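Below is one structure, written out as C-alpha cells; comments come after it.
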Amino acid sequence: MPPLKGQELVRRIADRGPEAVYLIHGRERWFADRALRLLKDHLFGGPGGEAARSVNYDVFAGRETKAEALATAARTMPMFAQRRLVVVRQAEKVSAAEWKAFATYFDDPIDTTTLVVDWGERKPDGRSRWVKAIGKHGVVAECKPLYDNEVPSFLRFLGGKCGKELTPSAAAFLGQTVGSDLHSLSDAVDRLALFVGDAQRIDEADVEAAVATTKAHEVWDLTDAVAAKDLTGALTVLGRVRAQGAEAPQLLFHLHRTVRQLWLAKEALAGGATDRRALGQALGVHPFVASKLADASRRFAIEGLGDALIAVADAEVATRSGGLKGPGKDWWVMEALVTRLCGGRAS
C-alpha cells in the first residue's frame, strides 16, 4: 500500500480504529499529534481508561531505545484493555542495528498491540526491509503540509468530528482567513463549534462573527508593520511567531502569497473594481478577505509591491540554499527580509 497523506491517516484512524503498526513521518506534525491522540482516545477513552493506560501504554525515545525492550513491550499481552499502545518517538535516532534486530516483529506484528513509529520530519529509507514490512503489514503515512485547495475539505472533516457541518463556503472562508497552519485551523473549528452552540451548521456569517473579526493573523500584522515601514514592529511580529513554534518557511510562503494578492488587489482597484464582492471575484478570495487586501494595498505604491515581490523571492532562494548554516538560519533570512522591506539595510 502506498504511503497515506496525513489527512488520510487521521481519517483512517477515526473510521477504522487502531491497527497493528504505524510508521509516521513528515513536516506537518499536527497530523502525527492528532493520530496519536485519536489512538489514545480510542484505546483509553472509556470508563476505566486511566487505569488501563497506566499498564498498557509505553513510550520509547530515540537513542535510548533498545530492540529487546521494545520487543518485550510490544509482545506483552494487554491488561484490562483490548490493546496495548507502544510509541517510539524520535525513531530516526534509533540506531540501525537496533532496528535490524527488531525487524522480524514487523513481519508478523502482534494484533493486541498498536505500535507507532514516529520518524519525525525525515523520510525513512524505503529500501530497508523493516520499512517494506510495515508497508505490507501496517500503515505508512507521510505528513506533508496541506495545499491551499486541500484545506476546505479537511476543515469540513474536522467540523464533522465536532458534530457540525461546515458549509463549503464557510470552510473556504475559514481557510482564507486563518491560513493553512493546522493548529490554528483546528483551534478555529473548536471555537466555531462552541460559538454556534446547538446549531448543526456553521456558515460564513458564523466564521466572520467568531473568527474573522477576532483572529489577528500574523501575516496581516507583519504586512501592517511593513506598510508603515515599522521595522521594530515587524521584528516584534517575527519574534512572537517564532516563540509560538511556527516555521519561518511557512510564514514566508504566506507572506509571498499576501504580497502577490496585494499586487493583484492594487491592479483590480486601478481597473475600477471597488465593490468587495467584485474584488473577491477578481482575486479569487472571499469578499471579506478581498476587503482586507484592498485596504492594505492602498498603503503601498505599485512599485513598492514589485520590489517586495522580488525581496520575498530572494528570501525564498536564500532559505533553500546552503550558504547559511545553523538551526536559526531561516529566521535570519526573515529578519533580513523585513529589514529590507521596511527600508533598512540587512547586516
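Just a few scattered comments:
- Every residue from segment 110-129 that is assigned to a loop (DSSP other than H, G, I, E, B) and over 22 Å from residue 54 (Cα atoms): 119, 120, 121, 122, 123, 124, 125, 126, 127, 128
- Yes/no for residue 170 being modelled with pLDDT of 85 or more, among the small types (Gly, Ala, Ser) and surrounded by 22 or more Cβ atoms within 10 Å (Cβ to Cβ): yes
- Segment 188-203 residues that are under 14 Å from residue 170 (Cα atoms), paired with ones that are among the hydroxyl-bearing types (Ser, Thr, Tyr) and modelled with pLDDT of 90 or more (beta carbon under 6 Å, 6 or more apart): 203/167
- Residue check, residue 221 modelled with pLDDT under 80, within 23 Å of the chain's Cα centre (by Cα) and assigned to a helix (DSSP H, G or I): yes
- The number of residues in segment 111-130 that are surrounded by fewer than 19 Cβ atoms within 10 Å (Cβ to Cβ) and either touching a residue at least 40 places away in the same chain (Cβ under 8 Å) or under 30 Å from residue 200 (Cβ atoms) (or both) comes to 5.
- Listed here are the helices (runs of 4 or more DSSP H) enclosed by segment 1-72 that have at least 2 residues being in contact with a helix residue (DSSP H, G or I) (Cβ under 8 Å, 6 or more places away or on another chain) and under 19 Å from residue 143 (Cα atoms): 6-16, 29-44.
- When residue 18 is tested against the conditions (1) without any contact (Cβ under 8 Å) to a residue 40 or more places away in the chain; (2) surrounded by fewer than 21 Cβ atoms within 10 Å (Cβ to Cβ), the lone failure is (1).
- Of the helices (runs of 4 or more DSSP H) contained entirely in segment 146-197, those carrying at least 3 residues that are under 20 Å from residue 284 (Cα atoms) fall at 151-161, 168-178.
Listed here are the residues, each with its yes/no results for (1) surrounded by fewer than 20 Cβ atoms within 10 Å (Cβ to Cβ); (2) at negative phi; (3) at pLDDT below 85.
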| site | (1), (2), (3) |
| --- | --- |
| 291 | yes, yes, yes |
| 301 | yes, yes, yes |
| 312 | no, yes, no |
| 321 | yes, yes, yes |
| 327 | yes, yes, yes |
| 332 | yes, yes, no |
| 344 | yes, yes, yes |
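- Screening residue 193 against (1) of a type outside the set (Lys, Arg); (2) surrounded by 14 or more Cβ atoms within 10 Å (Cβ to Cβ); (3) touching a strand residue (DSSP E or B) at 6+ places or on another chain (Cβ under 9 Å); (4) assigned by TED's automatic domain parsing to the domain that holds residue 16 leaves a single unmet condition, (4).
- For residue 62, the conditions (1) of a type outside the set (Phe, Trp, Tyr); (2) touching a strand residue (DSSP E or B) at 6+ places or on another chain (Cβ under 9 Å); (3) buried (at least 18 other Cβ atoms within 10 Å of the Cβ) are fulfilled apart from (3).
- Residues (part of a helix (DSSP H, G or I) and either aliphatic (A, V, I, L, M) or not assigned by TED's automatic domain parsing to the domain that holds residue 73 (or both)) located in segment 83-109: 91, 96, 97, 101
- Residue in segment 45-55 that is closer than 20 Å to residue 106 by Cβ and surrounded by 15 or more Cβ atoms within 10 Å (Cβ to Cβ) present: no
The values are calculated or read from the model by the stated rules, or taken from the named source; none is laboratory data. All values reported here derive from a predicted model rather than from experimental measurement. FYI the Cβ positions are ideal-geometry reconstructions off the backbone, even for glycines, and counts take in every protein chain you see.
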